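Structure first, commentary second.
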Amino acid sequence: MQSVINVDLSENSYQIRIASGSLDRLGTQMSQLNLGKKVLIVSNPEIFSYYGEIALDSLKKAGFEVFSHLIPAGETYKTLDSIKQLYDTALENRLERSSTMVALGGGVIGDMTGFGAATWLRGINFVQVPTSLLAMVDASIGGKTGVNHPQGKNLIGAFYQPRLVLIDPQVLKTLPEREFRAGMAEVIKYGIIWDADLFAQLEAADRLDRLEYISEELLQTILTRSCQAKADVVSKDEKEAGLRAILNYGHTIGHAVESLTGYSSLVHGEAVAIGTIAAGEIATQLQMWSVEEAKRQYEAIVKVGLPTKIPAKLDVDRIIEVLKTDKKVKAGKVRFILPERIGKVTITDRVSPDILRQVLTLTKKSEE
């Protein structure tokens, strides 16, 4: 099975290519893009141990001169200091404006490699080879790149589109179960914000908590429809002037929770799942969507095995304080993406402090 999705952005257009076993053909695929000969693969040690040689061999066979740079795994390394070390490797290997950085890894590697490519020599070529489900369906598409600031997630970054996104579903076989479930949070998001039929297919599946229970056909559907949803939104609004903000469904409160737990006790998709439940509860309180649909969303998240409650140790006042530093704040007001029905959401800044506090308190775990 193979899918090709076009991300239409005038001079920044590119393709998402989804095919089993395609990592072996990375060099051939990149040869078609008229790139320079020097390629820097950026990865983390674990992913590189699995797939580094495959990528290196494929690129060398296609005539590229290939180097590598490894960054330790984890959100805590998504910093400007890590970017400085990436620049050092780029300088050491004399990367030129025609050169390419290839992100071989999950969302953290993709975000950092993209930011490095956007800022080295004011912008060099960039290719995404995502190895996690979350990166495949979300982080690798759309050109958002960046690193974290101690006070907030992704506050430092740039919009910078890749030349190609190459997705090989086979690499998910080495993805830890927890990371697979985290990626499914983003898949559920696409069902809620854009694709009601995708959501219905997720509901119809017996189990969604482990890759082994998902058929090859359903996995291809999950990847293709999620990528298509993001491509549709990004093509209409490349730099988040309006519509693209809906991709942050579940992320507003999710990012605050993630930040306050120090990016350690929760992975990104788990925080998004909690934020999704909270956003759904806000919409229910505002009588924007039905209790029945909120229940369907809740059951989908539980079926995947994702958390639904804010950790008990987090203080509601601190969450509200962190929300005020969110990138989506406009004129001092926090903007929330809230569901109207499965398949459609809206953006609003009219969530009262009382309702926000009430929902955060309700969504928080009881003290243990």
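The values are calculated or read from the model by the stated rules, or taken from the named source; none is laboratory data. Everything numeric here is computed off the predicted structure, so don't read it as measured data. Note that we place each Cβ from the backbone using ideal geometry, even for glycine, and neighbour counts take in every protein chain shown.
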Inset, instruction - For G74, state whether it is among the small types (G, A, S), at negative phi and in contact (Cβ under 8 Å) with a residue 24 or more places away in the chain. - result: no
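Quick one: which strands (runs of 3 or more DSSP E) sit completely within the range 128-170 and have at least 1 residues that are touching a strand residue (DSSP E or B) at 6+ places or on another chain (Cβ under 7 Å), on the phi < 0 side of the Ramachandran plot and surrounded by 24 or more Cβ atoms within 10 Å (Cβ to Cβ)? Talk me through it step by step, then tell me what you get.
Values: elements: 144-149, 152-159, 164-167.
By residue number, 144-149, 164-167.
Only one residue in L70, L33, L26 is closer than 20 Å to E92 by Cα and under 25 Å from the mean Cα position of the chain (by Cα). Which one? If you could, list the steps in order and put the result at the bottom.
Working: L33 fails: closer than 20 Å to E92 by Cα; L26 fails: closer than 20 Å to E92 by Cα.
None of the other options fit; the residue is L70.
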Inset, instruction - Could you pull out every one of the strands (runs of 3 or more DSSP E) wholly within the range 1-105 that has 1 or more residues that are under 30 Å from T261 (Cα atoms) and at pLDDT 95 or above? - result: 38-43, 65-70, 100-105
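Which residue, of I222, I214, I274, is out of contact with any strand residue (DSSP E or B) (no Cβ under 8 Å at 6 or more places or on another chain), crowded, with 24+ Cβ neighbours inside 10 Å and of a type in the set (A, V, I, L, M)? Full working, then the answer.
Details: I214 fails: crowded, with 24+ Cβ neighbours inside 10 Å; I274 fails: out of contact with any strand residue (DSSP E or B) (no Cβ under 8 Å at 6 or more places or on another chain).
Exactly one residue qualifies, and that residue is I222.
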Inset, instruction - For K153, work out the one condition from (1) under 25 Å from K324 (Cβ atoms); (2) free of Cβ contacts under 8 Å to residues at least 24 places away in the same chain; (3) of a type in the set (K, R) it doesn't fulfil. - result: (2)
Inset, instruction - Go through the range 277-293 and give me each residue that's part of a helix (DSSP H, G or I) and either of a type in the set (S, T, N, Q) or surrounded by fewer than 17 Cβ atoms within 10 Å (Cβ to Cβ) (or both). - result: T284, Q285, V291, E292
Inset, instruction - Evaluate the following for T252: is it among the hydroxyl-bearing types (S, T, Y), closer than 24 Å to D326 by Cα and touching a Leu at 6+ places or on another chain (Cβ under 8 Å)? - result: yes
Legend entry - Qualifying residue in the range 106-120 (condition: of a type in the set (A, V, I, L, M, F, W, C) and within 12 Å of the chain's Cα centre (by Cα)): yes
Inset, instruction - Any chance you could count how many residues in the range 254-300 are modelled with pLDDT of 95 or more and either of a type in the set (D, E, K, R) or touching a Cys at 6+ places or on another chain (Cβ under 7 Å) (or both)? - result: 7
